[in-house]
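One structure, pasted below without further comment.
The numbers here are math on the coordinates, done by the rules we state, and not lab data. Not measured: the values here are computed from a predicted model. Note: ideal-geometry Cβ built from the backbone for every residue, glycine included; neighbour counts use all protein chains shown.
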Amino acid sequence: MLKRRELFHFVGAATLMASGVGNAIAAATKRFQHYPFDPIAAENFQQNLFIPVDSGPFGILDVTGPLTMRATPGSLSLLPGKPSPFLLYQTEQSGKSYQNPILRMNSGDKLKLTLRNELTEPTIIHWHGLQTPSKMDGHPASTIDAGKTFDYEFKVLSRGGTYWYHTHAHNLTAKQAYNGLASFFLVDDEDQRKLNQTLDLKLGETDLPLVIQDKQFNAQGQLRYQPNGQEAMMGWLGDVILANLTPNAALKVLPRTYRLRILNGSNARIYRLAFVKDKERLGFTVIGTDGGLIESPQSATEAFVAPGERLDILFDAGQAQAGEEVFLKSLSFDPMENEGDAGSMPGMGSSTSRLEIGADFNILKLTVGAGERVINKLPSALSRIATIPLKGANQRSIKLSLRGMDFLINGRKFNMDENAFDVKRGTREVWTISNPKVGMPHPIHLHGFSFQVLERMNSPRQIRALAKFGKGLTVSDLGWKDTVLIWPGESVRIVIDFSHDFPGDQVFMVHCHNLEHEDAGMMINYRVTG
Ligand code: C2O
Ligand code: CU
Ligand code: CU
């Protein structure tokens, strides 16, 4: 029973041993990691980070009226001289056209949007982290066929924060999201405006949405997505790391504070983020998580971000001298993948990514420019988080498990027409989500409501080391959350307030945001009723 990681080393070492090269492991590492856009090689980081402007790809779109969003085949130029086919959301407003627009709205505003499916297969949009009636949520049951349209209309109830939207097409989410159908949804409110004002931050200049993804490309520059048995079971990994769709991204910065709204938009890769100058770690400040700003800024030197999660941070580039380079990296970690007997079944294949899960690699190079250092005093309070009262909350256990090659929730695989349980509208529940030791980490995501993380229990050592906030919580667990990473052997308690104003039965879902797991059915419906 080999882990994906061990398989990688095993293959590398065996090849080199056969060719008689000494120091097999070190050489294997080198040999296997040398490829175009290899993110381990710092010298590769030469491409200017893509920064969104007010139109075009990932253009920032301040929504002022009804939109028609077309899901279409298209292409983006990511690799020099080789346009890559992509699936894109295209729309127009006030004479400007956008591909995968970064939608921006004020909390409380109404979104009216028609999705037109111009793909050759079914699709639907889900508003990740927003609270909408279930009919507007992009549940896979709402998936529309090619050529059809879907009308969305809902009020943006969420507080200010960095949300996102992506395809949730039944059984096609992983492939479609990987091929491009995803972007940011920024919600603005008083707290957000105040923060950006105080720190003199401007969206698109010093306040940067930053989506991190891993992809595989073939020699023609096309995205490759062909999971074998192993990859379908464990999740698809890429070996080219994209920051805002830029491979080996580099950005010139001034000696001042930048806000990075980080989204892990990868199918399955978990990142352990840190800023590193030579061998030295530089600190950063966490100001927000999935559902907007946390109460007060928290300094950190690293944080895990799992697929679906957001981390809103401030980085003071003035910590480095003019001319110095700082890398936003993913540090190495133990991926804790141990798929039991299933992973060594014949015909499963091994990971085709040249970048193993848990590897140490670079994501973005920051080069600090000359100029006077600007120091802005951080506000001590960012926002108010009303703690959900625990009194009278119902207890529920959500058990993740592995059966054969399937990861399950409460013993079930997704069944469109079945609700795993009912919750009573207006009640509060404490969920204990537990992950068995044999298996892998799962980022568990809830539709319909945000939650608060209460406690991590039995965490692995690499998580315990980051538990600085009592009850085993790490900085990634603070504030309002919609996705929480559960490590093998761990139990995580969350509290949810099932209050909303939507009438009648509302069916939402709980699922793993490893997108291969989601499509494979690591997903259940629950119904809000009464
Ligand atoms: Cu971002 Cu149901 O997912
Ligand atoms: Cu969601
Ligand atoms: Cu999972």
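What is the distance in Å between the Cα centres of the stretch 127-144 and the stretch 470-530?
That distance is 15 Å.
Compute the separation of the alpha-carbon centres of the stretch 279-323 and the stretch 352-383 and state it in Å as a whole number.
Centre-to-centre distance over Cα atoms comes out at 7 Å.
Another question about this same structure. Where in the chain lies the longest segment free of chymotrypsin sites (Phe, Trp or Tyr not before Pro) that are both loop residues by DSSP (not H, G, I, E, B) and have at most 16 other Cβ atoms within 10 Å?
Answer - 226-468.
While we're on this one: Return a single number: how many Lys pairs in the stretch 98-194, at a sequence separation of 8 or more or on separate chains, have alpha-carbon atoms below 19 angstrom apart. Intermediate values should be presented prior to the final figure.
Numbers: 110/135; 110/155; 112/135; 112/148; 112/155; 135/148; 135/155.
Taking the stretch 98-194 as the scope, the lysine pair count is 7.
Further question on the same structure: If you average the sequence gap of Cα pairs under 8 Å that are 6 or more apart and divide by the length of the chain, what percent do you get for the contact order?
About 15 percent, as a whole number.
Under the rule of at least 5 residues apart or a separate chain, name every residue whose amide H is placed under 5 Å from the amide H of residue 282.
Under 5 Å from the amide H of residue 282: 275, 276, 277.
Under 16 Å Cα to Cα from residue 329, which lysines show up? Leave out anything in the same chain fewer than 8 places away.
Reachable lysines: 277, 279, 365.
Can you give the FRET efficiency for residue 54 and residue 437, using 1/(1 + (r/R0)^6), R0 = 56 Å, r = Cβ-Cβ distance, to the nearest 0.05?
It comes to 0.70.
Within the stretch 185-252, list the trypsin sites (Lys or Arg not before Pro) lying in a DSSP loop whose Cβ has at most 12 other Cβ atoms in a 10 Å radius. Mind showing how you got there, number by number?
Numbers: sites: 193, 194, 202, 215, 224, 252; in loops: 202.
The qualifying sites are 202.
Using just the helices of the chain, give the 222 nm mean residue ellipticity in deg cm²/dmol: DSSP H runs with n ≥ 4 each add -39,500 (n - 2.57), and the total is spread over all residues, rounded to 500.
-3000 deg cm²/dmol
Please report, in debye to the nearest 20, how large the charge dipole of the chain is about its Cα centre when each Lys and Arg carries +1 at its beta carbon and each Asp and Glu carries -1 there.
In debye, rounded to 20, the chain gives about 620.
Okay, next question. I'd like the antiparallel share, as a percent to the nearest 5, of DSSP beta bridges with both residues in the chain.
Close to 75 percent.
Related question: Taking just the C-alpha trace of the chain, give me its Rg and Dmax in Å.
22.1, 70
Moving on. Pairs of lysine in the stretch 394-529 with Cα under 27 Å and at least 8 positions apart or on different chains: total?
Going through the stretch 394-529 pair by pair, I get 15.
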